[in-house]
Amino acid sequence: MALSRRAQRTRNQVLFQLFMFAFGFVMVYPVLWMIANSFKPSSEIFGNASLIPTKIVLENYIRGWRFIGRITFTTFYANSLFYVSLATIGTVFSSALVAFGFARIRFKGRSFWFVAMFLTLILPYQVIMIPQFIIFHKLHWVNTFAPLIVPMFLGQPFFIFLMVQFVRGIPAELDESAYIDGCGLFRIFTQIIFPLITPAIVTTTIFSFYWRFDDFLGPLLYLNKPSLFTVSLALRMFSDPMTSTDWGAIFAMATVSLVPILVVFVAFQKYLVEGISTTGLKS
Amino acid sequence: MTGRRSRVRSKLTYRNAAGYAFISPWLLGFFAFIIIPIVTSVYYSFTDYDILKTPVFNGVKNFVTMLHDGLFWKSLEVTFIYTFSSVPLRLAFALFIAMLLNTRRARLLRFHQTVYYLPSVLGGSIAVAIMWRRLFLDDGAVNAVLGMIGIHSEISWIGNPSTAIWTLVLLAAWQFGSSMLIFLAGLKQIPRAYYEAAEIDGASPSQRFFRITIPHLTPVIFFNLVMQLINGFTVFTQAFVVSNGTGDPMNNTLVYALYLYQRAFKYYQMGYGSAMAWVLVLIIGVFTALLFRSSGNWVYYETKEGR
């Protein structure tokens, strides 16, 4: 009896692992296929599901990086780096500041503004997309990074919520006693709260990095000169049949663009998983 | 006494001033980039506006035009097909895998969790959308794999009007990882004792699933439904990249946000685009309201008592 039960458990374990590996392979296959193809000679890419190139070549990467002539992917990565890092820095600090205000200071109208902020979360971007474009157009900000970066310095509601949740988890006695000791609110924020919400800061940084690096619609609207293109925009243009049909080169550059995403994923997996689980639960 | 009262009052003023000082960045952005745009957008929706000339008031003409605009209805149809198939598919996969990952005794759980979550991490990138397009072309990997298992297929799933939208649905369903993590966190909060007690009482696995697991997860399912419905109705990038910005074949991937974008930024019909945006808000509002209305019947919130 004991043995048969153990045998059953082993069988279940084997079935479970078989299923999880098989389905998991199907899940990651498309990405592996793309990476594999980026190393195949152009003649080998199509009509072929194999993940193992007969010969590994790097030509695709060299051709891809050169893009279509004058401007290379060096420019696009520099643009992305500029946009992503400034936007992320702005998001983190402004959101933390606003979150502290909402979480710790009892001021008149606090709940009203908090609800207003919640409503902006479910407002579709399409509504403000056109008037925002017109505003930035009139300011002559089109074809600069300003429309993409400046709003990020004014707090992002999603991250403000995340940080408010986090600040509320910190015992209030901590800053109340500092307050009684004559410590100003701004110092309480910078010296006590900000260091204590490090996990929320890290989560915000990671998500902001991802969203800005992947951002497509924003750059599509505001950056129309190839010399200003971000990586996503360049990839899109590169893959347009009017521009190029060199799929080896396209796959190579697509693969390169996944490297920063994967590096951050491997380095900060714990924060990502926790961030998703908690924001999704505290509804 | 008066000194004390004025001290209290000055403390209150200080708190109010400090509160507004801290939230001032958001307040500024809220008015400059949300409220003013909302107000002007309402106005633009009643005008003919090409951005170069000043807007010309034309009453409800944009909304009437919409009623007779075949592409408007087509884009609605495409968006509905997309949303109402990708959201349930994604949630079903997410729940299924989350439950498998919630088994206690299995090994390699962290590894599997990472693998299934990976598509969600990569999914937002343009690289993945480009790869997806290539995967489903006539000489792509999908047909090659089908050929290996003996199904001869030469169609381009992207170019075929009846299959194109399903490649987008699949791309969305493929990214079930985030929902899976949320479900997994929810599952872990269900006290084990409930299941043990049910088992002792002789409840079958399906009874345990429908009477314990699902009710406990309803708040999480509800939250996910609302957020993903909004995301589904506003999908843009994937459709743009897969169809090269055209919405082809035969407008079968012309999702609502893509059509709106074309009207506003290809033909510079800012008035018509704004009107379309408000119709979108109305549609999302109706569905969100319906969900909230129905939630009383199927979403269970745990109360603090009884614990």
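One table, with the values for the structure above:
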quantity	calculated
Inter-chain shielding of B:261-269 (mean C-beta neighbours from other protein chains, 10 Å cut-off)	2
For the protein assembly as shown, calculated [θ]222 nm from helices alone, where every DSSP H run of n ≥ 4 adds -39500 (n - 2.57)	-22000 deg cm²/dmol
Estimated FRET transfer efficiency (residue A:74, residue A:4; beta-carbon r; R0 60 Å; 0.05)	0.40
Mean separation of Cα contacts under 8 Å (6+ apart) over length of the range B:9-158, as relative contact order %	8 percent
Under the span-like rule (Cα at least 18 Å along the axis, Kyte-Doolittle mean at least -0.5), DSSP H helices of chain B	B:2-30, B:70-101, B:109-122, B:214-233, B:270-298
The range A:1-135: translational diffusion in µm²/s, Stokes-Einstein, Kirkwood Rh over Cα pairs, 4 °C, 1.567 mPa s	59 µm²/s
Unsatisfied cross-links (Cα-Cα over 23 Å) in the set B:61/B:266; B:53/B:266; A:40/A:270	A:40/A:270
Shielding by partners - mean other protein chain Cβ count within 10 Å, residues of B:82-93	0
Cα gyration tensor category, rounded, prolate or oblate, for the range B:127-277 with a/c compared to 1.5	oblate
Label-point separation, residue B:102 to residue A:115 (7 Å along Cα→Cβ), nm	3.4 nm
Shape category assigned to the range A:74-120 from the gyration tensor of Cα positions, a/c cut at 1.5	prolate
Mean Cβ neighbour count within 10 Å, used as a protection proxy, ranking A:140-149, B:241-250 highest first	B:241-250, A:140-149
Ranked list, fewest to most other Cβ atoms within 10 Å of each Cβ, for B:183, B:287	B:287, B:183
Formal net charge of residues neighbouring residue A:86 (Cβ-Cβ distance under 14 Å; K, R +1; D, E -1)	0
Top positive-direction residue, dipole computed over chain B with Cβ charges, set B:64, B:200, B:99	B:200
Cross-link reach list, aspartates and glutamates versus residue B:74, counting only Cα pairs under 19 Å and skipping chain neighbours closer than eight places	B:248
GNM result for chain A, Cα springs below 10 Å: residue of A:24, A:218, A:169 fluctuating most strongly	A:24
Ordering of A:59-68, A:249-258 by packing [mean C-beta count within 10 Å, highest first]	A:249-258, A:59-68
Summed residue charge, Cβ within 11 Å of residue A:102's Cβ, Lys/Arg positive, Asp/Glu negative	+4
Size of charge dipole - the range B:37-168 - debye, nearest 20, with Cβ of Lys, Arg +1 and Asp, Glu -1, no other charges	820 debye
Largest to smallest principal axis extent of the C-alpha atoms in chain B, angstrom	82, 68, 34
Extension gain from residue B:68 to residue B:282, taking 0.36 nm per residue of separation minus the Cα-Cα distance	75.2 nm
Cα gyration tensor category, rounded, prolate or oblate, for the protein assembly as shown with a/c compared to 1.5	oblate
For chain A, size of Cβ-based charge dipole, Lys and Arg +1, Asp and Glu -1, in debye	460 debye
Residues of the range A:78-103 with amide N under 13 Å of the 7 Å Cα→Cβ point at residue B:24	A:98
Residue order, fewest to most surrounding Cβ atoms within 10 angstrom, among A:152, B:270, B:227	B:227, A:152, B:270
Gaussian network model of chain A, Cα within-10 Å springs - most flexible of A:21, A:159, A:39	A:21
Positive-end extreme of charge dipole, the protein assembly as shown - chosen from B:21, B:125, A:42 (charges on Cβ)	B:21
Which of A:14, B:128, B:226 has the fewest Cβ neighbours within 10 Å, and the rest in rising order	A:14, B:226, B:128
Separation of the residue B:290 and residue A:173 label points, Cα + 7 Å toward Cβ, nm	5.2 nm
Highest-fluctuation residue, B:225, B:187, B:12 considered, GNM on chain B with Cα pairs under 10 Å	B:12
Local electrostatic count at residue A:260 - Lys and Arg +1, Asp and Glu -1, tallied over other residues with Cβ under 14 Å	-1
Shielding by partners - mean other protein chain Cβ count within 10 Å, residues of B:40-47	3
Of the DSSP H helices in chain A, those whose Cα atoms cover at least 18 Å axially and whose Kyte score averages -0.5 or more	A:2-38, A:73-104, A:125-138, A:198-214, A:247-281
Mean separation of Cα contacts under 8 Å, 6 or more apart, over the residue count of the range A:33-137: relative contact order %	14 percent
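Here, each number is a calculation from the coordinates, and none is a lab measurement. Nothing here was measured: the structure is a model prediction, and the numbers come from that model. Note: ideal-geometry Cβ built from the backbone for every residue, glycine included; neighbour counts use all protein chains shown.
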